[in-house]
Amino acid sequence: MFSNFFKKDNENSKDLKDMTLNVKINRCPQNHPCPSVRVCPVGALTQKGYTAPVVDMDKCIKCGKCSRFCPMRALVLE
Ligand code: SF4
């Protein structure tokens, strides 16, 4: 009954190393400069024109800032 109460916070979540940042193209309206590109602290996101942003996973530190910033939830750390 109380088993969930005693679970560690990360018990049900993946390790960061197993996660990736996925761009959900169908959620991105692709009609504006992506605001999340500017919040990435390591320059891992790029955008050509108004297309959906592309992530460079060699640069990405999986901080989740872009994911939290995107109002369309088009950037998902999963
Ligand atoms: S998760 Fe962090 S490092 Fe990775 S692309 Fe988003 S803002 Fe940049």
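Details
- Amide H contacts under 5 Å for residue 75, placed H, 5+ residues apart: 24
- Close amide H pairs (under 5 Å, H built 1.01 Å from N) link residue 20 with 78, residues at least 5 positions away or on another chain.
FYI, it's all coordinate maths here, none of it is from the lab. A quick note: this is a predicted structure, and the numbers were derived from the prediction, not measured.
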